[in-house]
Amino acid sequence: MDIQAILFDLGGTLIEYAGPYAVWPDLETPGFEAVYVTLKEKGVKLPSFEKFRATGFAILPERWQMATSGERNLRLLGFLAEVLEICDVTGVNQAWLEEAAVFYQEAICSQAVPLDAAEETLAFVKRQGYKVGLLSNTMFTGMAHIADLERFSLDGFFDAMLFSGDAAKWKPSAEPYLDLLSQLNVAPENGIFIGDDPVNDIVGGQRAGLRTILMRSSQRFRQMGDVQPGAVISHLAELPVVLAGWSNE
């Protein structure tokens, strides 16, 4: 196999965003807390925090599903506006909403940590001469995640990056993969995608014609169903062995 490019997922593959929370959307709690405090300090009349957060939790899975199925894009700013509307909150101007969205992102990103060997693995694939891409399903701005990469010294390895909310292209559609491959000038059969989500990462990568590697970094995705990745790893340090085996095919 002529491997020319390695594409990585972000959350759960290179950086873990869950903090102390075991399941999603519970891990979004610090973000809702940050928005609530920010708007409360500005004198906005809000429901109880429990109702505010519960409203967000109630609609977020469906909005995420709509995004990943291609029905509509999902961006944090619009999501928060919808939560406030459902809660009958008025008097929030655009500037306040944008400020609150920034604080939401910062609260979630502040609990993030890089996965073991993330920097070493990216350095390895770069030294081997592979083109390196990043493809992330996220309602956050790409700039928020680029700041995370910079904070953990992971930013200098990527030749191209695509963030779904910014691009309005979501995994598991083949479109974001093919867009990223086009930026790298690499054909799908010469690329590998690594991610932790069996459906959005592995099925999506296969739809785009990529060979795939499932990263078993957490227990969030227990069921694989009929998904058959090309390889399964539990630690990024295992990646060089997989690449060596495939390069010799």
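Within the group A144, A237, which residue is open to solvent by 10 Å² or more (accessible area, probe 1.4 Å) and either within 18 Å of the chain's Cα centre (by Cα) or under 14 Å from I6 (Cβ atoms) (or both)?
Selected residue: A144, the only one of A144, A237 that is open to solvent by 10 Å² or more (accessible area, probe 1.4 Å) and either within 18 Å of the chain's Cα centre (by Cα) or under 14 Å from I6 (Cβ atoms) (or both).
How do the strands (runs of 3 or more DSSP E) wholly within the range 175-244 filter down when requiring 3 or more residues that are free of Cβ contacts under 8 Å to residues at least 60 places away in the same chain: which remain? Before you say what the answer is, go through the steps one by one.
Details: elements: 191-195, 211-215, 231-233.
Strands (runs of 3 or more DSSP E) meeting the threshold: 211-215, 231-233.
Count, please, the residues in the range 35-54 that happen to be open to solvent by less than 20 Å² (accessible area, probe 1.4 Å) and either at pLDDT below 95 or part of a helix (DSSP H, G or I) (or both).
Of all residues in the range 35-54, those open to solvent by less than 20 Å² (accessible area, probe 1.4 Å) come to 35, 38-39, 44, 52.
After this cut, where a residue has to be either at pLDDT below 95 or part of a helix (DSSP H, G or I) (or both) as well, the list is 35, 38-39, 52.
Adding up the residues that qualify gives 4.
Among the residues that make up the range 153-161, is at least one of them farther than 16 Å from L14 by Cα, surrounded by fewer than 16 Cβ atoms within 10 Å (Cβ to Cβ), at pLDDT 95 or above and among the hydroxyl-bearing types (S, T, Y)?
no
Condition check ((1) in contact with a Pro (Cβ under 6 Å, 6 or more places away or on another chain); (2) among the aromatic types (F, W, Y)) across all residues:
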residue: G142; (1), (2): no, no
residue: L149; (1), (2): no, no
residue: W170; (1), (2): no, yes
residue: N185; (1), (2): no, no
residue: L214; (1), (2): yes, no
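Give the residue that is farthest from H235 (Cα to Cα), with candidates limited to residues of the range 162-174 that are assigned to a helix (DSSP H, G or I) and open to solvent by less than 60 Å² (accessible area, probe 1.4 Å).
Just the residues of the range 162-174 that are assigned to a helix (DSSP H, G or I), to begin with: 164-167, 174.
From what is left, the residues that are open to solvent by less than 60 Å² (accessible area, probe 1.4 Å) are 164-165, 167, 174.
On the way: S164: 25, G165: 28, A167: 29, A174: 26 Å.
For the range 162-174, the residue satisfying everything is A167.
Output the helices (runs of 4 or more DSSP H) that fall wholly within the range 57-130 and possess 1 or more residues being closer than 30 Å to I6 by Cβ and either modelled with pLDDT under 95 or open to solvent by 50 Å² or more (accessible area, probe 1.4 Å) (or both), or say none.
Values: elements: 76-86, 94-109, 118-127.
Because the criterion is at least 1 residues that are closer than 30 Å to I6 by Cβ and either modelled with pLDDT under 95 or open to solvent by 50 Å² or more (accessible area, probe 1.4 Å) (or both), the helices (runs of 4 or more DSSP H) in the range 57-130 that meet it are 94-109, 118-127.
Pairs please, first residue from the range 43-54 and over 15 Å from E85 (Cβ atoms), second anywhere and not in a loop (DSSP other than H, G, I, E, B), Cβ atoms under 7 Å, 6+ apart in sequence or on different chains.
Listed by first residue and then by second, the contacts come to F49/Y36; R53/T29; R53/F32.
The values are calculated or read from the model by the stated rules, or taken from the named source; none is laboratory data. Since we're looking at a predicted model, the values are computed, not measured. Glycine gets a Cβ as well: all are built from the backbone with ideal geometry, and neighbour counts include every protein chain shown. The area values use the complete protein model at the heavy-atom level, side chains included, leaving out ligands, DNA and RNA. Shrake-Rupley method; radii C 1.70, N 1.55, O 1.52, S 1.80 Å.
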